[in-house]
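J.: Before we start, here is the structure in question, set down as structure tokens.
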Amino acid sequence: AAARNKAVKSELKTRVKTATKTIGAEDNAEAVRLAVKRLDMAAAKGIIHPNQAARRKSRLMRKVNATG
């Protein structure tokens, strides 16, 4: 279980990093969508706290919208 949780958390970091890196690019919307989806899934499975998922999504959206 610990290994799976670790894998999920590292994937979260990667997805969010990709989403922030592609800000301004045309594939950004897709990257953000995938990152949010993964955050929601991790929260649903109890790997991260629902509030943490919400906070991370909020921060990601703030970054995305700030440059829009």
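The values are calculated or read from the model by the stated rules, or taken from the named source; none is laboratory data. Keep in mind the model is a prediction, meaning the values are calculated, not measured. FYI the Cβ positions are ideal-geometry reconstructions off the backbone, even for glycines, and counts take in every protein chain you see. Each accessible area value is taken on the protein alone, full model and side chains, heavy atoms only, with ligands, DNA and RNA left out. Shrake-Rupley method; radii C 1.70, N 1.55, O 1.52, S 1.80 Å.
J.: Go ahead and run the numbers for FRET between A7 and E30, Cβ-Cβ distance against an R0 of 22 Å, rounding to 0.05.
T.: On the way: r = 22 Å, r/R0 = 1.00.
Once rounded, the FRET efficiency stands at 0.50.
J.: How large is ³J(HN,Hα) for each residue in the stretch 54-64, as worked out from phi by the Karplus curve 6.51 cos²θ - 1.76 cosθ + 1.60 (θ = phi - 60°), to whole Hz, x for Gly and Pro?
T.: Result, ordered by residue: 4, 5, 5, 5, 4, 5, 4, 5, 4, 5, 5 Hz.
J.: Might you work out the accessible area of V8 for me, using a 1.4 Å probe with all protein chains in place, and round it to the nearest 10 Å²?
T.: Per-residue accessible area (V8): approximately 40 Å².
J.: What are the ³J(HN,Hα) values, in whole Hz, obtained from phi via the Karplus relation 6.51 cos²θ - 1.76 cosθ + 1.60 with θ = phi - 60°, for each residue of the stretch 2-7 in sequence order, with x given for Gly and Pro?
T.: Here the 3J(HN,Hα) series is 4, 5, 5, 4, 4, 4 Hz.
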